[in-house]
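The values are calculated or read from the model by the stated rules, or taken from the named source; none is laboratory data. This is a predicted model, so every value here is computed, not measured. Cβ: placed from backbone, ideal geometry, glycine included. Neighbour counts: every protein chain shown.
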């Protein structure tokens with residue numbers, strides 16, 4: 001009964017057009033009423049406690065780092081470096097797109113921002129070269145959703161805070177799955193584009209490649225510095241966000257000289273607005289999470305999933321299928337906020353490693369960003385490439401299935417996540 005009240009109140013509030021954060025607060029208030037109490041003081045206290053978290057400080061810094069990176073010319077040089085080395089191959093611009101998506105994922109952690117930046121740079125070039133634009137757009141959209149999986153990932157930070165799981169371990173555990181997604185996209189692209197008749201770029205000589213490498217070295221060092229610094233304990237994930245901001249500012253303003261000081265205020269405002277939305281969502285979700293726990297919703301969900309808890313692999317398949325279904329109707333943030341506190345007790349009871357579950361859960365939610373009708377990355381890509389949603393979906397399907405195949409593989413073989421995690425930590 002409590003599960004039904006929880007679902008009806010939450011989705012009812014969303015159906016009338018309330019923002020997700022307010023819908024979560026209303027859901028919490030309804031759960032309090034079912035417990036025979038309503039105290040707005042408790043709600044406000046829990047809301048403040050939800051926002052009062054040191055790991056959440058990483059979010060504004062990584063958001064700002066992404067803004068500085070795009071304004072400072074770092075994104076452009078990552079693409080130019082790949083163009084110089086592989087742009088002359090048949091389908092080379094698709095390879096460039098995948099490389100850029102993986103590298104930028106290790107810098108910004110924002111799927112929508114990475115998709116917009118790479119699409120704006122490459123789609124005009126692909127159109128002039130005669131590429132199938134729906135397919136090329138589908139590739140870039142699928143590559144963009146690698147960002148929430150590879151560190152530094154805003155999604156992993158949010159999950160770590162809500163589920164009380166080490167963010168550092170989540171970051172390290174996301175590296176191999178993210179690279180596997182990139183490899184799956186590369187294989188799929190080479191297969192589907194093998195017969196396309198497209199113009200290829202002229203092959204660059206070694207001098208031009210060297211110039212592109214020297215020009216892009218500062219951009220390419222950024223993800224290595226962030227991930228390496230966390231791997232060797234030089235800084236925490238939160239401190240890594242600060243380091244990323246400083247690095248992006250210095251490189252953009254003083255080395256590439258594309259970031260003007262007058263731009264910084266606007267970038268700060270943009271990052272602050274994005275951060276405010278995310279943190280308010282997290283705080284509201286933690287209020288609901290506390291009330292979900294006191295209302296024994298996880299125990300009721302565990303009872304529903306009880307037939308599968310004896311087999312962790314089967315349970316993971318059931319949960320991943322549930323997330324795929326929910327993710328096709330809800331966006332990344334609400335799916336993450338709603339399901340994390342409900343599913344974590346079930347996962348722990350079944351003996352599934354929380355870090356392993358967190359990475360697959362985030363990957364599944366990220367794939368939801370390119371499933372209709374809600375996927376925000378789809379809308380971003382349609383705007384950038386100026387094609388309809390139906391055209392984009394025709395080109396996207398091979399890459400969507402490739403990423404789902406990687407998810408399927410990781411459910412079958414948890415060691416693909418856990419063994420590299422042991423080495424990296």
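Is there a residue in the range 330-341 that is in contact with a helix residue (DSSP H, G or I) (Cβ under 8 Å, 6 or more places away or on another chain), surrounded by fewer than 18 Cβ atoms within 10 Å (Cβ to Cβ) and at negative phi? Lay out the reasoning, then the answer.
Residues of the range 330-341 in contact with a helix residue (DSSP H, G or I) (Cβ under 8 Å, 6 or more places away or on another chain): 330-341.
So of that shortlist, the ones also surrounded by fewer than 18 Cβ atoms within 10 Å (Cβ to Cβ) come out as 331.
Still in the list and also at negative phi: 331.
Yes, the conditions are met somewhere in the range 330-341.
Answer yes or no as to whether residue 187 is surrounded by fewer than 21 Cβ atoms within 10 Å (Cβ to Cβ), modelled with pLDDT of 85 or more and under 24 Å from residue 140 (Cβ atoms). In short, yes. No other residue among 82, 129 is more than 14 Å from the chain's Cα centre (by Cα) and within 26 Å of residue 254 (Cα to Cα) apart from 82. All conditions but one from (1) closer than 30 Å to residue 419 by Cβ; (2) not in a helix (DSSP H, G or I) apply to residue 372; the one that does not is (1).
Restricting to the range 192-210, name every residue that is out of contact with any helix residue (DSSP H, G or I) (no Cβ under 8 Å at 6 or more places or on another chain) and in contact (Cβ under 8 Å) with a residue 60 or more places away in the chain. Before you say what the answer is, go through the steps one by one.
Narrowing the range 192-210 to residues out of contact with any helix residue (DSSP H, G or I) (no Cβ under 8 Å at 6 or more places or on another chain): 194-197, 202-203, 205-207, 210.
Result: 194, 196, 197, 202, 203.
Checking each residue in the range 257-278 for being surrounded by fewer than 18 Cβ atoms within 10 Å (Cβ to Cβ) and part of a loop (DSSP other than H, G, I, E, B) picks out 257, 258, 260.
Contact map, the range 1-12: residues that are under 13 Å from residue 34 (Cα atoms) paired with residues that are at pLDDT 75 or above and surrounded by 14 or more Cβ atoms within 10 Å (Cβ to Cβ), Cβ distance under 6 Å, separation 6+ or inter-chain. Pairs shown: 5/34; 9/27; 9/30.
If you take the residues in the range 207-235 that are over 20 Å from residue 99 (Cα atoms) and surrounded by fewer than 18 Cβ atoms within 10 Å (Cβ to Cβ), which one is modelled with the lowest pLDDT? Outline the logic, then answer.
So in the range 207-235, the residues over 20 Å from residue 99 (Cα atoms) come out as 207, 229-235.
Right, trim to surrounded by fewer than 18 Cβ atoms within 10 Å (Cβ to Cβ) and you get 207, 229, 231-235.
On the way: 207: 89, 229: 87, 231: 79, 232: 82, 233: 82, 234: 85, 235: 84.
Top of the filtered list is 231.
Would you check if residue 135 is surrounded by fewer than 24 Cβ atoms within 10 Å (Cβ to Cβ), free of Cβ contacts under 8 Å to residues at least 60 places away in the same chain and over 27 Å from residue 348 (Cβ atoms)? When the stated conditions are applied, residue 135 does not pass them.
Just give me the residues in the range 409-425 being assigned to a helix (DSSP H, G or I) and in contact (Cβ under 8 Å) with a residue 12 or more places away in the chain, in sequence order. Of everything in the range 409-425, those that are assigned to a helix (DSSP H, G or I) and in contact (Cβ under 8 Å) with a residue 12 or more places away in the chain turn out to be 409, 410, 411, 412, 416, 417, 418, 420, 421, 424. Screening 325, 370, 319 for residues that are within 30 Å of residue 190 (Cβ to Cβ) and either modelled with pLDDT of 90 or more or out of contact with any helix residue (DSSP H, G or I) (no Cβ under 9 Å at 6 or more places or on another chain) (or both) leaves exactly one candidate, 370. Of everything in the range 127-154 that is at pLDDT below 90 and not in a loop (DSSP other than H, G, I, E, B), the residue that is nearest to residue 227 (Cα to Cα) is 154. Filtering 54, 62 for residues that are touching a helix residue (DSSP H, G or I) at 6+ places or on another chain (Cβ under 8 Å), under 25 Å from residue 265 (Cα atoms) and exposed (fewer than 13 other Cβ atoms within 10 Å of the Cβ) leaves a single hit, 54.
Take the conditions farther than 27 Å from residue 136 by Cα and part of a helix (DSSP H, G or I) and apply them to residue 355. Does it pass? Against the criterion (farther than 27 Å from residue 136 by Cα and part of a helix (DSSP H, G or I)), residue 355 qualifies. Filtering the range 301-329 to residues that are closer than 18 Å to residue 372 by Cβ and crowded, with 18+ Cβ neighbours inside 10 Å leaves 323, 327.
Only one of 281, 321 is part of a helix (DSSP H, G or I) and free of Cβ contacts under 8 Å to residues at least 12 places away in the same chain. Can you tell me which? Just one listed residue meets the conditions, 321.
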